[in-house]
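Notes follow once the structure below has been shown.
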Protein chains: 4
Amino acid sequence: MGMKVLRESWPEWKDNTGVRPIRIGQVSVGAGPPIIIAGPCAVESFDQTLEIAEAVRDAGGDMLRGGAFKPRMSPYTFQGLGEKGLEILAKVRDRTGLPIVTEVMDTRYVETVAQYADVLQVGSRNMQNPPLLIEVGKAGKPVLLKRGWAATVEEWLHAAEYVAAQEGNLDIMLCERGIRTFARDEYSRNILDLNVVPALHKRTFLPVIVDPSHGTGDADFVPPLGLAGLAAGADGLIIEVIAEGTERGDVKCDAYQGIRPSVLRKLIADCRQHFGQRKTDAAPV
Amino acid sequence: MGMKVLRESWPEWKDNTGVRPIRIGQVSVGAGPPIIIAGPCAVESFDQTLEIAEAVRDAGGDMLRGGAFKPRMSPYTFQGLGEKGLEILAKVRDRTGLPIVTEVMDTRYVETVAQYADVLQVGSRNMQNPPLLIEVGKAGKPVLLKRGWAATVEEWLHAAEYVAAQEGNLDIMLCERGIRTFARDEYSRNILDLNVVPALHKRTFLPVIVDPSHGTGDADFVPPLGLAGLAAGADGLIIEVIAEGTERGDVKCDAYQGIRPSVLRKLIADCRQHFGQRKTDAAPV
Amino acid sequence: MGMKVLRESWPEWKDNTGVRPIRIGQVSVGAGPPIIIAGPCAVESFDQTLEIAEAVRDAGGDMLRGGAFKPRMSPYTFQGLGEKGLEILAKVRDRTGLPIVTEVMDTRYVETVAQYADVLQVGSRNMQNPPLLIEVGKAGKPVLLKRGWAATVEEWLHAAEYVAAQEGNLDIMLCERGIRTFARDEYSRNILDLNVVPALHKRTFLPVIVDPSHGTGDADFVPPLGLAGLAAGADGLIIEVIAEGTERGDVKCDAYQGIRPSVLRKLIADCRQHFGQRKTDAAPV
Amino acid sequence: MGMKVLRESWPEWKDNTGVRPIRIGQVSVGAGPPIIIAGPCAVESFDQTLEIAEAVRDAGGDMLRGGAFKPRMSPYTFQGLGEKGLEILAKVRDRTGLPIVTEVMDTRYVETVAQYADVLQVGSRNMQNPPLLIEVGKAGKPVLLKRGWAATVEEWLHAAEYVAAQEGNLDIMLCERGIRTFARDEYSRNILDLNVVPALHKRTFLPVIVDPSHGTGDADFVPPLGLAGLAAGADGLIIEVIAEGTERGDVKCDAYQGIRPSVLRKLIADCRQHFGQRKTDAAPV
């Protein structure tokens, strides 16, 4: 009932690896080693985006993240470059070969964002926005569905069902990005909920991505919590990066959680060492 | 900076009552006794809506609430009658004289909803949806802005600022409807946060409405928590009602939190007895 | 099973008012108008305690609260006067006639505290301390059992059962004092959970006391939230008071949540006006 | 001020590994590879305890955990064998060589428990119990201080300071065991907070132990979350085990979170493979 499409699609996969792989360009999410999605919080310029994208690619990353439409707390902070940001992302994809993950947050722009993006991201604030989920479900692109910061698993899976129910699109990645608890802002912006990783793998075949950047809000915590996410069984990470020479004060959003390319390189190397072989028995896609 | 328009509009009010009244039809919110908004969770039919609206009016209620567009957890539950629901609300307003509060949840429908509604409700799930807040801000109607169930006061006031920043519309009511805590679903769906009532009155001139229906999820708790909301200083209540003869199992949403008209009548009488004279020294609008 | 003694004692009361009255000196808790317990956070000296106690009595308060043993976060802050504090409380009781509520936090001191106190308070930090609950249960005095700040109702009622299970002592008041949520320390130290008031009245015959002082952490919020607690159906309030002439910086604990005697007087007058007659149909004890 | 002893002891260690090693028998916590503490929830009998202890030792575990005094929600469930349980633990230590970690929860029993135990555990419910912390601080034994399930880091470190402040005992391990959030009991009893691991390593030299058993409440989640804890940088794990042939329904406490010895063996092997060499550059103790 509540999870009709997602449940009906489950039987064929349950005897396989438990995760249904999603093909995005050359990348398979949920099959083989975990994927690494990395990039700037927001697309600020072509040069900034290209520099970071090349660093992501050189570090061994699989996909590029970057926001063109940014949902911000205040109306007076940077709201993203909009469609111009999408164009930048597309050019950077041409130069680096990295598929693009970018957020869409308005039903009126789903079609536009889908023309540029390889993966449509639905942000935490919109996880329970039915009209948006419906339009995203119709767009026919893989989806990265972030968990609302106070959403239950039941609510999250029903949000995925909204997407799947439109056209039967099962290419949905669930992204844990930290929950809001009493510990808010004491030592960490959010608390990364890694219990949810095996909990999701028990309930669904959708791949699980962990976002240690938003899940901690602190660049120093990203490597240990990123590794922890994979140790808990996640199928990939999504990570914010700031360019090597950029002052944190000059970054237009999430300035303190972006890691430097050198840190990313070390983190990806650690991931490959420990988790690279984790899924070699997975069926090739 | 963060609260530019709302702060700049504050000085002229701070020596007055502290709350800037909002005129909606014959009703003044924030001046005089607290207002009572009541009605069905969702508009299900003309007859159902009229029956409840007449009961609300006869009980002494000031405005009618009712959802035409419903944000639901599951894609397979009743999603509201949409524009047909708006038409029903308008007809019921003609018959009862009660101004209408109804939710809008998609940027593409703001203009349409604004043609019918007296107050545009932004729901909890959309409190941090900037494109929607921006469109609502442009619509020029009074707004009821529900708090996200894990939103801080800073986030909530910034959401109000998104509305105010478009055209200087200050006719925004802030609606507390329960927060999500560790106590979720043990004895109550949410926990009504009444601490936030004086906290908001310290920080802003916007009127504060309390929703004991969503704030408890239990019809039995609505009268005591509604009275508590007013005792804490709220400028009004918003309450869900189900018709006297309707089986709870037949209601299409929130079946267990709606109170019966007879209970509403008693609750409004208690409100008038205890809080009716609370603001008689307020400046007439 | 889990609630044996408390459940078995329920039948005789369920057709009465729903609350089993507790007699403490001249006061009946749970019968007649709500009771007001007030006093300093900590007993600091005889003069300070007497001054506040007289103010409480003159304002119409029913009992005196005051800590002799204080559970503090830091080992370097004031830990209470210990047994000397108990002696002061007893002398002040002799002078004012007010029964005394004071905390016990160590199994080794239960007997001592019980020699002085009229009501033994078990604090939030000890709500799930079985050895202490057991000793308190054996002491044969009325108990004020504060809720742990992240305790469920099930845990709370079981803590009461620990007390009741020793010698069948049913003279237990349940005290809601604010829960810890994501909103911690933004605009309020804790969030006062008033949903729990009707929830407890549904589940048990034990009287419910609301503590707006700890429940908000802000003296300005104590009157509105205290009134809200009674509107929600509480059987009484417990309130921290600081002397009229004392600088807040000179108070040894909880300096910013104590209200002045003049504020207490107004609050008690409001309570009497609105809630004084609430339970006149209750059976006299 | 607040953290006097712990801060003053910090300088000599900060240029070392950042963690001050604690020697317990042959084990060094915080130096070399992470330690594994494992054993039954409660000591139920000599045979049960010995069987599990031998399994822990054979699997490569470093210490034995087991409760003799159990803080239970209900007064009618198994409360532990008390001093008889301590005697069993001591005999099992003689047979297996494994040092013993066991909880003390009453000031009157600290001396007794300290005669048997190698490490005194202070449980979550007592993290903010000053009299107990003070007595434990005087006992001169290493301490495992569990975090309260709604405790801030500030509160937790101050609890450690209570212990350290008595006699300068710095042999304190901080144990994260899951926090209480809105997600309580949906898919997991608690949420294991791994953000706190690097946060603690930034603030103190005390070793950090992760408890995936209480942190999840589900045996299936213990291996992934245990590995995640070490990936986040923890200095060790504490894990509940049930004997291979025991029915879960026959276990006297925490029946669904204990893992089988075969699962423990695999988990420890994985830990050694990935994290065994993590601290080889640490100074030998």
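Residues in region C:68-78 carry Karplus couplings, in order, of 9, 10, 10, x, 10, 4, 9, x, 9, 9, 3 Hz; the curve used is 6.51 cos²θ - 1.76 cosθ + 1.60 with θ = phi - 60°, and Gly or Pro positions show x. Listed by chain and number, the lysines whose C-alpha is less than 19 Å from the C-alpha of C:K138, apart from same-chain residues fewer than 8 away, are C:K4, C:K146. Counting, for every residue in B:202-214, the Cβ atoms of other protein chains within 10 Å of its Cβ and taking the mean gives 1.
If you place +1 on the Cβ of every Lys and Arg and -1 on the Cβ of every Asp and Glu, how big does the dipole about the Cα centre of chain D come out, in debye to the nearest 20?
Details: 33 positive and 37 negative charges, 75 e Å.
Its charge dipole is roughly 360 debye.
Per-residue shielding of B:121-133, expressed as the average number of other chain Cβ atoms within 10 Å of the residue Cβ, stands at 5. Scan chain B and report its longest stretch carrying no GluC sites (Glu not before Pro) that are both in a DSSP loop and have at most 14 other Cβ atoms within 10 Å. Looking at chain B, B:1-243 is the longest stretch - no exposed GluC sites (Glu not before Pro) with at most 14 other Cβ atoms within 10 Å. Checking the a/c ratio against 1.5 first, then a/b against b/c, what shape does the Cα gyration tensor give for the protein assembly as shown? Oblate is the answer for the protein assembly as shown, as a/c is 1.5 or above yet b/c matches or exceeds a/b. Based on Cα contacts under 8 Å between residues 6+ apart, region D:64-202 shows a relative contact order of 16 percent.
For B:R23, the label point sits 7 Å beyond Cα toward Cβ; its separations from the matching points on the remaining copies run 6.1, 6.5, 8.4 nm, from shortest to longest.
Per-atom-type breakdown for region C:85-165 gives carbon and sulfur 39% of the accessible area (1.4 Å probe, protein chains only). Pull out a ≥ b ≥ c, the square roots of the eigenvalues of the alpha-carbon gyration tensor of chain B, then state rounded if a/c is under 1.5, prolate if not and a/b is larger than b/c, and oblate in the remaining case. Taking the square roots of the gyration eigenvalues as a ≥ b ≥ c, chain B is rounded.
Relative contact order of chain D: what whole-number percent is it, with Cα pairs under 8 angstrom and at least 6 residues apart?
22 percent
State, as an integer percentage, the relative contact order of region C:150-209 based on alpha-carbon contacts under 8 Å between residues 6 or more apart. Working shown, then result.
Numbers: 49 pairs, mean separation 20.9, N = 60.
Averaging sequence separation for qualifying contacts and normalising by length gives 35 percent for region C:150-209.
Calculate the tail of P(r) for region B:2-122: the fraction of all Cα-Cα distances greater than 22 Å, expressed in %.
Counting every Cα pair in region B:2-122, those more than 22 Å apart make up 43 percent.
Inter-copy label distances at B:E54, using a point 7 Å along Cα-to-Cβ, come to 6.5, 7.5, 8.2 nm with the shortest given first. Calculated mean residue ellipticity at 222 nm for the protein assembly as shown: -11000 deg cm²/dmol, from DSSP H runs with n ≥ 4 weighted as -39500 (n - 2.57), summed, divided by the residue count and rounded to 500. In this structure the amide hydrogen of D:G67, modeled in the peptide plane, comes within under 5 Å of the amide hydrogens of D:A42, D:V43, none closer than 5 places in sequence on its chain. Label separation (B:W10 vs C:W10): 4.9 nm, computed from points 7 Å beyond Cα along the C-beta direction. Indicate, rounded to the nearest 5 percent, the antiparallel portion of the DSSP beta bridges found entirely in the protein assembly as shown. Of those bridges, close to 15 percent are antiparallel. I want the local charge near D:G140. Using Cβ-Cβ distances under 10 Å, sum +1 for each Lys or Arg and -1 for each Asp or Glu among the other residues. Here the charged neighbours net out to 0. Across identical copies of the chain, C:Q115 has label-point separations of 2.8, 8.3, 8.7 nm, listed in ascending order, with the point defined 7 angstrom from Cα along Cα→Cβ.
Looking down the axis that turns chain B into chain A, the chain B residue with its beta carbon nearest that axis, and the gap rounded to whole angstrom, comes out as B:A150, 2.
When the alpha carbon gyration tensor of region C:149-285 is reduced to an equivalent ellipsoid, the three semi-axes, largest first, read 26, 20, 14 Å.
The values are calculated or read from the model by the stated rules, or taken from the named source; none is laboratory data. Quantities reported herein were computed from a predicted structural model and do not represent experimental measurements. Virtual Cβ from ideal backbone geometry, glycine too; neighbours counted across all protein chains shown. Remember, those area values only see protein heavy atoms, side chains included, never the ligands or the DNA or RNA. Shrake-Rupley method; radii C 1.70, N 1.55, O 1.52, S 1.80 Å.
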